[in-house]
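Reading through the structure tokens given below for one structure.
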Amino acid sequence: MKVHFDCINVNQIKMSSGIFVGSNSQNNWSSHQKENSALGTIVGNGNVVHQNINVIHDEDMVDMPIKEETIKESNGKGYGDS
């Protein structure tokens with residue numbers, strides 16, 4: 001199955017993001033972060049935001065548990081090892 005795009009428009013690149021075009025391979029990627037965004041981003045001219053209340057209800061006791069073995073690099077060293 002082939003997918004063909006005439007163009008790709010990117011509004012925002014955040015951490016741990018990438019755009020890859022053509023035959024390629026991305027190895028050994030890992031992401032260890034969490035972000036909560038209630039309002040987001042206001043972009044443009046003449047935008048007005050009045051009396052907004054943004055609530056994030058996040059019941060996680062631990063937001064992002066990370067085990068050392070999940071962040072091993074290809075060389076076998078863990079995060080923070082020399």
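Could you grab me the full set of residues in the range 38-62 that are within 30 Å of D6 (Cβ to Cβ) and not aliphatic (A, V, I, L, M)?
Within the range 38-62, G40, T41, G44, N45, N47 meet the criteria.
Given the condition modelled with pLDDT under 75 and either of a type outside the set (V, I, T) or surrounded by 10 or more Cβ atoms within 10 Å (Cβ to Cβ) (or both), answer yes or no: does some residue in the range 17-30 qualify?
Yes, there is a match, as at least one residue in the range 17-30 is modelled with pLDDT under 75 and either of a type outside the set (V, I, T) or surrounded by 10 or more Cβ atoms within 10 Å (Cβ to Cβ) (or both).
The values are calculated or read from the model by the stated rules, or taken from the named source; none is laboratory data. Quantities reported herein were computed from a predicted structural model and do not represent experimental measurements. Note that each Cβ is placed from the backbone with ideal geometry, even for glycine, and that neighbours are counted across all protein chains shown.
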